[in-house]
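The values are calculated or read from the model by the stated rules, or taken from the named source; none is laboratory data. Because the structure is predicted, anything quoted here is derived from the model rather than measured. Virtual Cβ from ideal backbone geometry, glycine too; neighbours counted across all protein chains shown. Accessible surface areas use protein heavy atoms only, side chains included; no ligands, DNA or RNA. Shrake-Rupley method; radii C 1.70, N 1.55, O 1.52, S 1.80 Å.
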Amino acid sequence: MNSPLGIFDSGIGGFTVLRSVVERHGDIPCLYLGDTERIPYGDRPPAEIRIIANEISQWFSDQNVSAILVACNTTNSLALDVVERVNGVQVFSLIKAAVQMIFEDRVGVLATSATSASSAYRKQIQIYRPGTIVLEQACPAFVPLIEKGDCESDELRVVASEYLKPLIEARVEAIVLGCSHYPLLGSLLQDLLPKGVRLIDPAIGLAADLDRLLGSPKAGSKIIPSFSNTRFCVTSDSREFGSRVNKWLGGDPEVELISLRSTACLF
Ligand code: DGL
């Protein structure tokens with residue numbers, strides 16, 4: 001496979017998807033796009049999210065990607081059909097992957113405001129597992145803090161406790177991390193939850209879904225993640241993005257600044 005996989009998010013969140021893909025499939029060619037100019041997506045109205053999804057899909061088309069991984073749950077919730085329509089390539093979805101990872105009867109979903117308001121997770125889960133009780137919780141404070149590099153401060157712990165409270169009171173047995181930024185908070189969230197509540201990272205399911213395109217990894221093979229075949233692109237502040245992801249990559253990656261917007265006045 002010479003054409004890269006196109007992976008996109010509003011910022012660093014999609015990195016959790018890239019990491020899962022590389023951990024399962026090795027250092028394959030990937031084209032990562034962080035739409036840093038317009039983050040957060042989660043506070044935007046559906047119409048804007050759909051326009052953005054269209055622009056990104058067109059750009060990926062121009063870059064000849066072999067498939068698109070929608071590494072942003074907000075886009076998955078509100079504009080998956082837009083991405084699927086533009087490209088003649090396979091599109092992989094976090095929500096579709098996540099529902100296959102659920103076997104509990106009482107499930108919480110932490111997500112952006114736009115994803116929660118769309119109820120996309122609840123609808124998909126209940127199609128796949130009718131009768132499942134699903135509670136969706138919007139967490140608008142998370143993405144801005146994570147983008148600042150904060151995955152463990154007291155401030156984060158306080159807001160996380162508030163967000164988790166209704167889910168704990170409803171005695172959920174599992175919680176879907178329904179925004180690709182949130183796996184970066186995995187240990188903080190697990191610390192705040194009662195024992196036995198399982199955190200579900202949809203990126204792991206999505207990486208497994210990719211076996212359909214890339215084949216299954218050899219049983220027992222242990223891959224040390226490396227990103228030398230990933231091209232990183234952002235829509236603003238390329239330097240800052242590089243310094244934010246370097247702690248996971250083990251070095252400052254080269255990050256290209258690209259321009260997506262054809263019609264600046266739309267926003
Ligand atoms: N990481 C994205 C998601 O999975 C978007 C977060 C945001 O920009 O609000 O929803």
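What the table below lists for this structure:
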{"quantity": "Two-decimal log10 I(q)/I(0) for segment 95-150, as the Debye equation yields it once each C-alpha is a single scatterer, q = 0.12, 0.24, 0.25, 0.31 Å⁻¹", "calculated": "-0.31, -0.90, -0.95, -1.22"}
{"quantity": "Options Asn73, Ser61, Ile51, ranked by Cα towards positive dipole end of segment 1-75, top entry (Cβ charges)", "calculated": "Asn73"}
{"quantity": "Mean-position separation - Cα centroids, segment 66-107 and segment 219-261, in angstrom", "calculated": "22 Å"}
{"quantity": "Largest to smallest accessible area among Glu240, Glu256 [probe 1.4 Å]", "calculated": "Glu240, Glu256"}
{"quantity": "Percent accessible area from carbon and sulfur atoms, the chain, protein chains only, probe 1.4 Å", "calculated": "49 percent"}
{"quantity": "Calculated P(r) of the chain - Cα pairs past 26 Å, %", "calculated": "38 percent"}
{"quantity": "Rounded accessible area of Arg129 (nearest 10 Å², 1.4 Å probe)", "calculated": "60 Å²"}
{"quantity": "Charge dipole magnitude, Cβ of K and R +1, D and E -1 - the chain, Cα centre, debye nearest 20", "calculated": "680 debye"}
{"quantity": "Square roots of five times the Cα gyration tensor eigenvalues for segment 137-185, Å", "calculated": "19, 12, 8"}
{"quantity": "Quotient of Cα Rg and 2.2 N^0.38 Å for segment 6-74, N being how many residues it contains", "calculated": "1.10"}
{"quantity": "Rg and Dmax [Cα atoms of segment 1-116; Å; Rg one decimal, Dmax integer]", "calculated": "14.0, 43"}
{"quantity": "Gyration tensor (Cα) of segment 40-85, equivalent ellipsoid semi-axes in angstrom", "calculated": "18, 10, 9"}
{"quantity": "Farthest positive-ward along the chain dipole, Cα basis, beta-carbon charges - from Cys233, Val99, Leu185", "calculated": "Val99"}
{"quantity": "Rounded, prolate or oblate (a/c below 1.5 giving rounded, otherwise prolate when a/b exceeds b/c) for segment 135-237 by Cα gyration tensor", "calculated": "oblate"}
